[in-house]
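Remarks on the structure that follows.
The values are calculated or read from the model by the stated rules, or taken from the named source; none is laboratory data. Note that this is a predicted model, so its numbers are computed, not measured. Glycine also receives a Cβ, built like all others from the backbone with ideal geometry; neighbour counts cover every protein chain displayed.
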Amino acid sequence: MEFLIITGLSGAGKSRAADVLEDLDYYCVDNMPVALMPRFAELCLATRGRYERVALVTDVREKNGFSELLRTIDELNAMDCSCRILYMDADLKTLIRRYKESRRPHPLASRGTSVEAAVQREAELLAPVRERADYIVDTSNLTLGMLQNRLFALFAGEEHKRGLEVTVMSFGYKHGLPMEADLVFDARFLPNPFYVDKLRALSGLDLPVKEFLFACPQTRVFLEKMQDLLDFLLPLYAEEGKLGLTVAIGCTGGRHRSVALASALNDYFVAHGVSSVNVNRDVDK
């Protein structure tokens, strides 16, 4: 039987990780008391194969459990349960931001205690567990989709193998680089439809803008060069086990040039059997 202990910092994504693992046929239990883990393992073993993959989430809500957790893991291994630790981590700035957005109190926060102090205290308490972890996943810069891809890469069996999924994203440099981008292409050297009165109010999704841009030889050559490069790279990324790739194309505002190119590149991928989706981050800004 395979036991996976999901632990880590509050706000780092333990519950999200459990949701993904459920899709991988793990039987997941959130906030499992450490003292009950050996008894729970005995019950699972008694089912004779009904629960082969089990994931248990535990954290500081289990008030005194971490002093016992490492000893309990050794006990589970002695019961012929293959027990591993998945530690969910994130940087301090990200965790503080997440707690501000959720407006929920940190489990270690009390009157007069800042979220920063609570996070730092939790990290100190969890340091011995982090050192024993088999897997550490830092979610600071991960979207939910990226987290899912990471966990699939770590825990998916043969029956759950997935192909490379590509996101072609347009963006505007003045709104900042997309944090999730794996590859970034700059389209600001192309003629800008913004300075054409009849095109300014349109976007790169509109035919007149596309016709204006692709009437320029440099636009067509640029698209062909990107296609050639990505035809080379995508199989190599897939071979290395990467499940998701975000290709970002930027222009000044993210409304005209990058949008038209992202749409054309996405159409190219779809026509060639690549699982691809087009996202225009800043087209409405």
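Are there any helices (runs of 4 or more DSSP H) wholly within segment 31-128 with 2 or more residues that are farther than 16 Å from S10 by Cβ and at pLDDT 85 or above, and if so which?
Numbers: elements: 37-46, 66-78, 92-102.
Output list reads 37-46, 66-78.
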Here the residues within segment 110-133 that are in contact with a helix residue (DSSP H, G or I) (Cβ under 9 Å, 6 or more places away or on another chain), farther than 27 Å from T72 by Cα and not hydroxyl-bearing (S, T, Y) are V115, E116
Being surrounded by 15 or more Cβ atoms within 10 Å (Cβ to Cβ), among the β-branched types (V, I, T) and touching a helix residue (DSSP H, G or I) at 6+ places or on another chain (Cβ under 7 Å), is that true of even one residue in segment 174-195? no
Return yes when G145 is modelled with pLDDT under 95 and within 22 Å of V277 (Cβ to Cβ) and no when it is not.
yes
Exactly one of V115, V129, V168, V119 is within 21 Å of L245 (Cα to Cα) and of a type in the set (A, V, I, L, M), and that one is V168
Filter segment 174-196 for residues that are part of a helix (DSSP H, G or I) and of a type in the set (F, W, Y); the one that is nearest to N149 (Cα to Cα) is F194
Within segment 239-258, restricting to residues that are assigned to a helix (DSSP H, G or I) and out of contact with any Leu (no Cβ under 6 Å at 6 or more places or on another chain), the one that is surrounded by the fewest Cβ atoms within 10 Å (Cβ to Cβ) is E239
With the first residue restricted to segment 108-132 and required to be free of Cβ contacts under 8 Å to residues at least 12 places away in the same chain and more than 12 Å from T7 (Cβ to Cβ), and the second required to be outside any loop (DSSP other than H, G, I, E, B) and among the small types (G, A, S), Cβ contacts under 6 Å at 6 or more apart or on different chains are A109/A118
